[in-house]
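Computed from the coordinates by the stated procedures, all read-outs in this text should not be read as laboratory data. As the structure is a prediction and not an experimental result, all values here were calculated from the model. Please note: Cβ atoms are built from the backbone with ideal geometry, for glycine as well, and neighbour counts cover all protein chains shown.
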Amino acid sequence: MIEQLKNNWLFARLTPEQLERVSSHAEYLHFEEGGRLFEQGDQARRFFLVLSGQIKLFRLSPDGNEKVIEIFGPGSTFAEALMFREHPSYPVCASALTDSKVIALNSKDFVAMLRESIDSCFLLMADMSQRLHGLIKEIDDLSLQSGTRRVASYLINLAGEGGDNFELDIPKGVMASRLSLKPETFSRIIRNLHDRKILTVTRKHISIHNRMKLQAIADASELCKL
């Protein structure tokens, strides 16, 4: 477990003694598809590191509609910021999108360990600040970008460098919710990109035919033509 923890930004700068302490208060958990890690409002006693699979954070509206907040894959941590609250509770629900394994870490003991080391606190604050800037940019993108630009940006990021053919690893409905789009709007955007011969979607497989055009849409320089 210590080696798995060391590969994550949150624990990378901890001393060997601190890593040993963290691992002694942690446990491995396995969740089948659909399994719940916690419910909205539950007391936040633990935070998590994803080892395999995918974990979905979401909220339920009063009418029962689900809004996906975030999807975490292997190597990601979540719920760690809650440990700094006086009486923390989870503001969202969490469930496994696929068969998943996680490490559950004791929030109270982790905070107690940080109180004993000012250096560790400042190192952690620096790393969390950098992550916060990334999240702020994402919020700006969701607020300001058109739906088409959001989809184009998301697909470019999924494809990576030179990966013009790839498989979607999450359901299209979940992706639409993640991008703050209605499923029918998401489908309409994909169909528009298909009609313009920019990409093709067959079930979960995506083929990008014109990466430059898709990138231009992601950069907003082509939005006026939609």
>> I need R21, R36 ordered by Cβ neighbour count within 10 Å, fewest first.
In response: R36, R21
>> Tell me the mean residue ellipticity at 222 nm calculated for the chain from its helices only (DSSP H runs of n ≥ 4, each -39500 (n - 2.57), averaged over every residue, nearest 500).
In response: -12500 deg cm²/dmol
>> Give me the extension gain from A12 to Y154: residue separation times 0.36 nm, minus the current Cα-Cα distance, reported in nm with one decimal.
In response: 48.3 nm
>> I want to verify a result. In a Gaussian network model of the chain, Cα cutoff 10 Å, which of these has the top mean-square fluctuation: H87, H25, H194?
In response: H87
>> If the only charges are +1 at each Lys and Arg Cβ and -1 at each Asp and Glu Cβ, what is the size of the charge dipole of the chain around the Cα centre, to the nearest 20 debye?
In response: 860
>> Checking the table K6/K56; K56/K197; K108/K182; K101/K204; K56/K213 against a 29 Å threshold on Cα-Cα, which pairs fail?
In response: K56/K197; K108/K182; K56/K213
>> I need the helices of the chain that pass two filters: whole DSSP H segments spanning 20 Å or more by Cα along the axis, and mean Kyte-Doolittle score no lower than 0.0.
In response: 118-144
